[in-house]
Each structure stands twice: as structure tokens, then as C-alpha cells.
Amino acid sequence: MIPLEYILLLSAMLFTVGLVGVLTRKHAIIVLISVEIMLNAANLNFIAFWRYNPSPDLHMGTMFSLFAIAVAGAEVTVGLALVIAIYRHYQTLDTEALNRLKE
Amino acid sequence: MTIIFIILSITALTGAISAIFLKNLIYAVYSLLLLFVAIAGIFLMLMAEFLAVVQILVYLGAIGILVLFGVMMTRNISGASSERILSRGWFFGLVISVLMLFGVLIPGLAFSELSSSPAVETITPSVKEIGIQLMHLNTPALWLTAVLLTAALIGAVVVAVPRNYSSKLFLTYKLENKNKSSK
Amino acid sequence: MSFDNPDQILVELSRLIVGYFADAPYLSFLVGVLLSSVPLIAIFPGCFAFTTWLERKGLARIQNRYGPNRVGPFGLFQPIADGIKMLMKEDIVPTRSDKWGHLLAPIFIMIPAMMGLAFLPLARNMTAVAIDSGLLFFFAIGSLATLAVFLAGWASRNKYSLLGGMRAVAQMVSYEMPLILSAVVVVMMVGSMNTSLIVEAQQYKPWVESDNPLFQCLGQIRGWFVFTPWGFAGFLIFFVASLAETNRSPFDIPEADSEIIAGHMTEYSGFKYALFFISEYVSAFAIIGIGVTLFLGGWNGPNIRPPWSDDPQAYLIPGFVWFFAKMFFLMCVMIWIRGTMPRLRVDQLMGFAWKFLLPLAFINIFVAGFYYYAPWYYGWPVSIGVLWTSYRFLSRVNQDKRIVRKRTYKFA
């Protein structure tokens, strides 16, 4: 069986990749995608800890991940609706160009 | 076992990294899907069979399609963009993330005591068990999720539908916009 | 090893072969995997070849033609000739197309089509992947085809392809809902998503295990879910939705030849086109197979115990014979529908999914819940009444109110 560290390391790396995406890319949809990657990394952690804990028949990790997936679905729905609304209003999805409040 | 895991994790990391750094948005979305598939595979390895199914059903079947539609609705069809893709402060973002990885996550991993093998050797995957758990202990969360999803649905429709909604939805809106900009 | 049960001969044979490699655990695992997957990959494309012939013949009869009749007896070898033609055709890639997407789309579309087959219970103990959430897995994998279709439509850089791809995605996403919701009814009744258990639940045990051959025959039929009110409604919803899900006529607007040439397949030629074609038929087979499993009793059929055996699970006719018979029957119904129904408009198609099938599927779920708890003399009439009333009501509500002028033919 795989040691728990490997899985946690993978999820840490995935989380970092998602963070890099959020912090360095400027396209709104890519930022949304990066958030998805981070959520996936978190789910992976939940499942890993659930698999390695002494009482997996309580399914707590599965429950957490299920609800996280549901929330991720809701988040993407609203996020894409916002993206489309922003695009219609400003004709761009460049997060740097969306600085109406600043000016 | 470990070999399969390593292959899957390399796939996942490749998918994630190319999803972030590809210029072509459609390619980015498809490599994101690669990541989702690899994660589903790891779920299967960890005997979370039901969750792997949900991952495929929700992430690939629903979220992937949704993001693709979002890309199609906001960009020109070709999907490629020639301008620079990184934001102005990208260097600081990169530094912060790398610090996060090497300063917080990996030390956290290194200094904690983790079991190297699962406490329970085999789990018989059972959807029934998950259903019972969902209906007994987690019912309030289930209700809240239902409310949340409904709210998200309504909210998405309200946000995405143009303010001056009419039967000719998009065309009239575009025309008005053009008039405004010509003035 | 015992080979006295004709139903289990293939299973015993594969056990024998796997047992031969028992010393090497990895090798025996590999052999087991190959033995359960290679036949699927071999048989279903074979079925596809036969079905193309069947479809062309059937359509020809419906349209008062002969159909293929040159290659072999009754034109039976026409699929082979077609296959050779497809293989030897030039593979044309449009200059402006997206090279990678154009190459990968036909490969991607084969994956869900072939994977879906793994969850079909062809006979007792003959499910390639018998897992606890098999049904859900099937639907999850079936939803992946949309991604490949979208990729094909987008990568071709052709307006027809793009329109076809978008139409296909919209259609498949909306018809997935009634499809899954009509299957939910069966899951509620059986209490499991394991496809093998669903088939087992459709046997009427006291009759199957009796000694009377007639009762043994009937006991394997009377438990089919299609013979209950909710099962019948669910089967109809499932079948209509599966027609749309596999882009079969009358829901074939994504590849409507008279409007958008061939939809997402417009820019494909040679073997890539053949892959799209194969995957379409194989996924049609898979979804029909699930329909058979859910509502038509899977491998149950009029079957008796062999005279030399007293094992209640032994059958004279192997289960997969019945399974494939039912599958081909449904395929023939599909061909019949294709030959006789006009194609729907896009708005009609969407309205049908969201305003008719979806509410009906929801009502069906409630009816099934009622049926489960009510005694039969109460459950049957009420379920039939509710379903019939809601069917009438929904069709009344969805009726096109515009007065359509009666068509007059000038030149005919």
C-alpha cells in the first residue's frame, strides 16, 4: 500500500499549482479553473485521511468530499454566470482590466 | 500499487500544470479534465469507489462541460490569445506559492507522524452504507446542500440573463450596446 | 470444475484458464482482465457490423428498396467491404483545423463507448466490472461522450461541425436527466446499483425454484420491471431518452444530414470517421443493454432447468442468448423508428426533454414510492391512474397551440 505521505505530498503540490494559477494568471476563467484544482487537492486529502484512519466505515471523509464536490458545483455555476455577466458588461475577462473601482 | 499511484500522480500534476499555463483556453480545460480523471483513479485506488463515480459524473460530466460552454460564450471560437497571459505581479504570486509549498505544506508533512499503511486493510465499498450515513448523521448538511444548490441555480440565472431581457435576448442587447458606444 | 450448467460454461472456462496461471498472481490477474475485456471489445464491434447490415436492409424494406445485396448472400458481407473501404480511404485533416484536437477526438469518443460495455451483465457471473455502484458508473462514463463530441466539433474549425457539436452537447446534457431519473426508480425498488443484483431481483423466486418447467419459464418473465406501472413508464422514458442520448433518429439533429451535413463528423474521413460511427453504435448497444438490464429482465428469459441438474441456478439456454436477443429486438425497434419518424426541430427537442420527460420521470419516482408501500390492489390502479393522468396533462400542456394550416400538396 502507498504511504500516506505520498498522497499528501501530491495533494500539497496540486494545491500549490492551483495557488500559482490564482496568483499569476489574469484570465478569469483560468482563475476559476485554479480554484477547482485546489478544491480537488483538498478532496484528495479528505479521502486519504479517511482511508488511513482506524474507522473508515463511518464514511466521514466521503461525506466531506461529497459536500465539497456539491459546493464546488455551485461555485462553478455562479462563477461562470458572473464571468459571462462581466464579459457582457466589459467585453473582456482580463482581471487587470476590471479596475472600475480603482479609477 | 505504488507504480500505478506514481503514474496517476504524474498525470494529475501534468494536467494541473498545463491547465494553468496553456495559452489556449480549450486545451487548458481539457488538461483540467485529465487532472480530474487522474484524481478519480486515485480515489478508486483508495477504495472510495462511490466518490470516484461522483467525481467523474460531476467534475467531468457537468463542470467540464460548463467551463467549456463558458469559454465558448466569452471568447472567439479559436480560443487562442496572443497577448501575455500572466498578470502584472506574477513573480510575487509565484514566490508566495513556492513559499507556501516549501514553508508550510512540506514541513508540515515532514514534522507530523503519519501512518505508512492504512489501519483497516480492506474496505468493502458499499453505496448503501454511504446512503445510510447521508440520511442519518448528515441530514442537515444534505438539506443545506439542497438549499445551496437551488440558490446557486437561481442566482446563476439571475446574474447571467441580461438586464433588459426580452424574447430576442442577445441580439437586442448587442444592438443597444452598439448604439450606446456610437453615441 | 463442472460443465453441466450450460448457463455457466463460459464462466467455468475462463475460471479454468485463470486457474492455469494460479502460480503467478500478476499474470493470472492480467489473464482474468483480458478474458473479461477482450470478448467485449471483439463481440460488440461485430454486433455493430451486423447491425449496419440490419439497419440498411430494414430501412430499405421500409422504403420499398432492396438494400445491399451484392456482397455475399443477402449482402451480409457488406460491412466487411465497407470496413476495408474505410481503412483504405485517405485521412484528410483540414489545414486550418486544430491538429491535436482533430486527432484526439475520435480516440476520446471510443473510450466511454467501450467502457460502458463493462457494466452490462451478459449472464449470471458474466459482468466484466461487477461493482457496487455499477449503474452510476455507467451513467457517469456515458456523460463523457459529450466532451469528445465537443472537441471534434471545435477542432474541425468548420461552422457545420461547431453547430453540430454544440447541438450534440446541449441535447446530451438535457436528455441525461430523464435518462438517469428513469433509472432511479429501479434503484429505489431493488435497493442496489449493482447491475447483477438488479437482474437477479427481476426473477420471481418461488416460481423459478419450483419443479414445474412451465412455472420456471414464467417465473423468469413475471418479475420483469416493465410489467409494473412505474416500470413501464420508466422504460418508455428511458428508451426515448436513450434514443436522444445516442443521437439516433428522430433526435438526430446534431448530425442532421439535410441541415448541417454530418454535424461534428463533417470534417472526418477514413478511419477516424469509422471510429465515430462505431462508437455511436457501440454506445447505442451499451445504453440499450442497460435498458434491458433495468427493465426487461437482463438475462432472464423463458428458461428451464436442464433435466440432468437440480441446481436451481442452472439453465438450459445460456443467459446471454436472451440478453442479446432482447438487445437486438430493441435495436430493431430503433431502426423501425428511424425509418418511420420525422426529425424533430431543435426547440421541440429541448422542450420535449425539459417540459415532458423530466416532469414525467419525477412523477414516476413518486408513483414508485407509493407502489412500494401500498398493497397491490391499491398500488396498481392508483399508479396507473396517476401516470396516465399526468401523461395526458403534460401532453395537453405541451401541445402546440398555434393553428397549423393543413398542408396541401401542389405537385403530388
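Looking at C:SER279, is it within 23 Å of C:MET166 (Cα to Cα) and either among the β-branched types (Val, Ile, Thr) or assigned to a loop (DSSP other than H, G, I, E, B) (or both)? Write out each step before concluding.
Details: within 23 Å of C:MET166 (Cα to Cα): yes; either among the β-branched types (Val, Ile, Thr) or assigned to a loop (DSSP other than H, G, I, E, B) (or both): no.
No, not satisfied.
Out of all the residues in the range B:50-60, which are buried (at least 24 other Cβ atoms within 10 Å of the Cβ) and facing chain A (nearest Cβ under 8 Å)?
Hits for the range B:50-60 are B:PHE50, B:LEU51, B:GLN55, B:TYR59.
Between C:ILE131, C:ILE141, which is within 12 Å of chain B (Cβ to nearest Cβ), surrounded by 18 or more Cβ atoms within 10 Å (Cβ to Cβ), touching a residue at least 12 places away in the same chain (Cβ under 8 Å) and in a loop (DSSP other than H, G, I, E, B)?
On the way: C:ILE141 fails: in a loop (DSSP other than H, G, I, E, B).
Just one listed residue meets the conditions, C:ILE131.
Quick check: anything in the range B:134-148 under 30 Å from C:LEU151 (Cα atoms), modelled with pLDDT of 85 or more and not charged (D, E, K, R)?
Looking through the range B:134-148, none of the residues is under 30 Å from C:LEU151 (Cα atoms), modelled with pLDDT of 85 or more and not charged (D, E, K, R).
Is at least one residue of the range C:14-26 among the basic types (Lys, Arg) and over 24 Å from the mean Cα position of the chain (by Cα)?
Looking through the range C:14-26, at least one residue is among the basic types (Lys, Arg) and over 24 Å from the mean Cα position of the chain (by Cα).
Name the residue that is farthest from C:ALA353 (Cα to Cα), counting only residues in the range C:374-412 that are loosely packed, with under 10 Cβ neighbours inside 10 Å and of a type in the set (Val, Ile, Thr).
So, considering only residues that are loosely packed, with under 10 Cβ neighbours inside 10 Å and of a type in the set (Val, Ile, Thr), the one farthest from C:ALA353 (Cα to Cα) is C:THR408.
For the range B:1-49, name all the residues that are at the interface with chain A (Cβ under 7 Å from one of its Cβ atoms) and over 18 Å from the mean Cα position of the chain (by Cα).
B:MET1, B:THR2, B:PHE5, B:LEU46, B:MET47, B:ALA48
Among the residues of the range C:209-239 satisfying the criterion of being surrounded by fewer than 22 Cβ atoms within 10 Å (Cβ to Cβ) and of a type in the set (A, V, I, L, M), which is farthest from the chain's Cα centre (by Cα)?
That would be C:LEU214.
If a residue has to be in a loop (DSSP other than H, G, I, E, B), of a type outside the set (Lys, Arg) and either free of Cβ contacts under 8 Å to residues at least 12 places away in the same chain or more than 19 Å from C:GLY298 (Cα to Cα) (or both) to count, how many in the range C:95-128 make the cut?
At the first step, the residues of the range C:95-128 found to be in a loop (DSSP other than H, G, I, E, B) are C:95-98, C:120, C:122-126, C:128.
After this cut, where a residue has to be of a type outside the set (Lys, Arg) as well, the list is C:95, C:97-98, C:120, C:122-123, C:125-126, C:128.
Imposing the further condition that a residue be either free of Cβ contacts under 8 Å to residues at least 12 places away in the same chain or more than 19 Å from C:GLY298 (Cα to Cα) (or both) reduces the set to C:95, C:97-98.
Result for the range C:95-128: 3.
Across the range C:165-192, what is the number of residues that are in contact with a Gly (Cβ under 6 Å, 6 or more places away or on another chain) and at the interface with another protein chain (Cβ under 10 Å from one of its Cβ atoms)?
Going through the range C:165-192 one residue at a time, the tally reaches 1.
Quick one: is C:GLU255 in contact with a His (Cβ under 9 Å, 6 or more places away or on another chain) and over 21 Å from C:GLY134 (Cβ atoms)?
On the way: in contact with a His (Cβ under 9 Å, 6 or more places away or on another chain): yes; over 21 Å from C:GLY134 (Cβ atoms): yes.
Yes.
Does B:THR139 count as exposed (fewer than 12 other Cβ atoms within 10 Å of the Cβ), more than 30 Å from B:THR2 (Cβ to Cβ), of a type in the set (Val, Ile, Thr) and over 24 Å from the mean Cα position of the chain (by Cα)?
yes
For residues in the range B:5-47 being polar (S, T, N, Q) and without any contact (Cβ under 8 Å) to a residue 24 or more places away in the chain, which is surrounded by the fewest Cβ atoms within 10 Å (Cβ to Cβ)?
Going through the qualifying residues, I end up with B:THR14.
Does C:ALA81 fit the bill of being surrounded by 20 or more Cβ atoms within 10 Å (Cβ to Cβ), small (Gly, Ala, Ser), on the phi < 0 side of the Ramachandran plot and modelled with pLDDT of 85 or more?
no
Do any helices (runs of 4 or more DSSP H) entirely within chain A hold 1 or more residues that are more than 7 Å from every other protein chain (Cβ to nearest Cβ) and at pLDDT below 85, and if so, which?
A:28-52, A:60-90
The values are calculated or read from the model by the stated rules, or taken from the named source; none is laboratory data. No experiment lies behind these values; they were computed from the predicted model shown. Virtual Cβ from ideal backbone geometry, glycine too; neighbours counted across all protein chains shown.
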